[in-house]
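The values are calculated or read from the model by the stated rules, or taken from the named source; none is laboratory data. Note that this is a predicted model, so its numbers are computed, not measured. Cβ coordinates were reconstructed from backbone atoms using ideal geometry, including for glycine residues, and neighbour counts include every protein chain displayed. Areas reflect the complete protein model, heavy atoms only, side chains present, ligands, DNA and RNA absent. Shrake-Rupley method; radii C 1.70, N 1.55, O 1.52, S 1.80 Å.
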Amino acid sequence: MTQYDITIVGGGSVGVTLACALARIAQLKILLVEAAPMKGFCTAVGVDVVARKHEYRRYFDAVSTALSRGTAEIFHQLNLWSEIRQYATPLQQIHISEKDRFGQSVIDAKQEKVPALGYVVENHWLTSVLLAQLQKTSVECRSPVSITAVKPINEGWEVVLSNTAQQTKDVVSTKLLVGSDGSHSSVRKLLGIEASHEDYQQTAVVTNVVTEKQGLMAFERFMPTGPLALLPLIEKRYALVWSLPPDQAKAMIELSPQDFLVHVQKNFGHRLGAFTQVGERNLYPLQLIQAKEMVRPHCVLLGNAARTLHPVAGQGFNLAVRDIAALTALIQRQYQRQQPLGDLQSLLNFSEQRQKDQTKVVQFTDTLLRTFSRPSEGWLGLRNLGLVTFDLWPSAKHLLSVHAMGKGAYVKLGDKPDETI
Ligand SMILES: Cc1cc2nc3c(=O)[nH]c(=O)nc-3n(C[C@H](O)[C@H](O)[C@H](O)COP(=O)(O)OP(=O)(O)OC[C@H]3O[C@@H](n4cnc5c(N)ncnc54)[C@H](O)[C@@H]3O)c2cc1C
């Protein structure tokens, strides 16, 4: 049975970022398993290693992520930022408005005295940079491999892994098991960790659009049916995330491209001129899922497995990156002091240290969404007043910008900060 120090289950953006961060700690034996095929990437014995082409391609249909400045800083400390930044769009302003209402507000990088409020990056480019980095490390990757069973052993876990392509099984042992396997985490279920599920009764329509005008301003437009966000991308495109009741979202993706653009135009208005082109439209059902425990002896949940947030405030990945930085710092300390990995007290301390930030982000996202999604007219007036006073009230705006920039709970990996971020 092969023994690992750390086994990361789930090679999404969170699992791969963690693997890149941990790979900097020399001599840790790390395994990453991913259920979906990671073609051309696997280093596992018996799987062909095909050279991956690491280059930017202009996708029209890709999902994008708004990275906070705090996340950019952590990627800088991992020596990944300069590459990610090549195809990231700096956010100079965030415009917040409500359909058919007077109130609007703008958060401005200049007023906040920062080079950018954050950066928008297409997920395929972010993942491509992370995977290319991972290939340079000694982290062992296996895919398509799923975790199917776990058993506690002295100082760790015995883990059963199933290769779905080859119909084979393998058993490994690990001192620390990390569940970064998404909203419906198998690790969470196998360990019997309960999770609360709250259905927002909304589904996000995600696509890219081309508009007549282009800038470095992001838009968040609140409507009684749900928020519509537009994030600027390089090459004159905007990433669109439109949260709607599920039946309306489904209807939106069944419309012809032209009819869909007419609906977007009608709801968003003419700030960006005409909407001229749209890519493939995809649906993402939106839920708030929160694991009731983030740690167990020799086990940690991260990313969507720990908490899945509504994308309205663009916080899910940013929050997970701060968790990754804090966990990496803990493992680094334990490794240097030759302490056992994954002891419960250290993991509980880590979880407690991160709780304040996590609670704030969940509350902020939830409040933002609920405040602007209540259909009652009286409430609409109050919200309208809220947005107007919000614009005149610099400290409230500053608070929102702090969340947008991910400065609220700054986590450092220890290297020199980049003043240009
Ligand atoms: C429309 C939308 C827009 C968003 N925009 C933003 C934004 O602007 N900013 C931001 O910070 N966040 C944003 N988010 C949130 C962000 O996308 C998530 O926080 C992030 O994707 C979480 O990544 P993850 O790796 O934890 O989960 P996932 O991306 O779900 O990855 C989990 C991985 O685990 C694998 N897996 C599952 N089960 C197993 C198993 N049994 N064994 C092995 N592997 C397994 C899966 O194949 C998958 O690859 C957005 C989310 C949505 C839906």
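Put simply, of PRO227, PRO232 the only residue that is crowded, with 23+ Cβ neighbours inside 10 Å, over 30 Å from GLU155 (Cα atoms) and in contact with an Asp or Glu (Cβ under 9 Å, 6 or more places away or on another chain) is PRO227. Applying the set (1) modelled with pLDDT of 95 or more; (2) open to solvent by 40 Å² or more (accessible area, probe 1.4 Å); (3) at positive phi to GLN258 leaves exactly one unmet item: (3). Number of residues in segment 265-310 that are within 16 Å of the ligand (Cβ to nearest atom) and at positive phi: the value is 1. Taken as a whole, the structure leaves GLU140 outside the set of residues that are touching a Ser or Thr at 6+ places or on another chain (Cβ under 7 Å), more than 16 Å from the ligand (Cβ to nearest atom), charged (D, E, K, R) and open to solvent by 10 Å² or more (accessible area, probe 1.4 Å).
Residues are listed down the side, and each one gets a yes or a no for (1) touching a helix residue (DSSP H, G or I) at 6+ places or on another chain (Cβ under 7 Å); (2) within 15 Å of the ligand (Cβ to nearest atom); (3) open to solvent by less than 20 Å² (accessible area, probe 1.4 Å):
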| residue | (1), (2), (3) |
| --- | --- |
| LYS99 | yes, no, no |
| VAL106 | no, no, no |
| GLN111 | no, no, no |
| GLY118 | yes, yes, yes |
| GLU122 | no, yes, yes |
| LEU134 | yes, yes, yes |
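Evaluation of GLY179 against the conditions (1) away from the ligand (no atom under 11 Å from the Cβ); (2) closer than 14 Å to ARG296 by Cα shows that the sole unmet condition is (1). The sole residue among VAL172, VAL178 that is surrounded by fewer than 22 Cβ atoms within 10 Å (Cβ to Cβ), of a type in the set (A, V, I, L, M) and within 27 Å of ALA21 (Cβ to Cβ) is VAL172. Does segment 79-97 hold any residues that are closer than 18 Å to ALA325 by Cβ and either open to solvent by less than 10 Å² (accessible area, probe 1.4 Å) or in a strand (DSSP E or B) (or both), and which are they? Within segment 79-97, LEU80, ILE84 meet the criteria. Residues considered: ALA249, ALA326. Of these, the only one that is within 30 Å of ILE30 (Cβ to Cβ), open to solvent by less than 10 Å² (accessible area, probe 1.4 Å) and outside any strand (DSSP E or B) is ALA326. Filtered by the rule that a residue be over 23 Å from ASN318 (Cα atoms), part of a loop (DSSP other than H, G, I, E, B) and free of Cβ contacts under 8 Å to residues at least 40 places away in the same chain, segment 111-168 gives LYS136, ASN154, GLN167.
Contact map, segment 197-211: first residue closer than 11 Å to VAL264 by Cβ, second residue part of a strand (DSSP E or B) and open to solvent by 10 Å² or more (accessible area, probe 1.4 Å), Cβ cut-off under 6 Å, separation 6 or more or different chains; pairs are THR207/VAL278; VAL209/PHE275; VAL209/VAL278; THR211/PHE275. Only residues that are among the polar types (S, T, N, Q) and either part of a strand (DSSP E or B) or touching a residue at least 60 places away in the same chain (Cβ under 8 Å) (or both) were counted in segment 254-285, giving 4.
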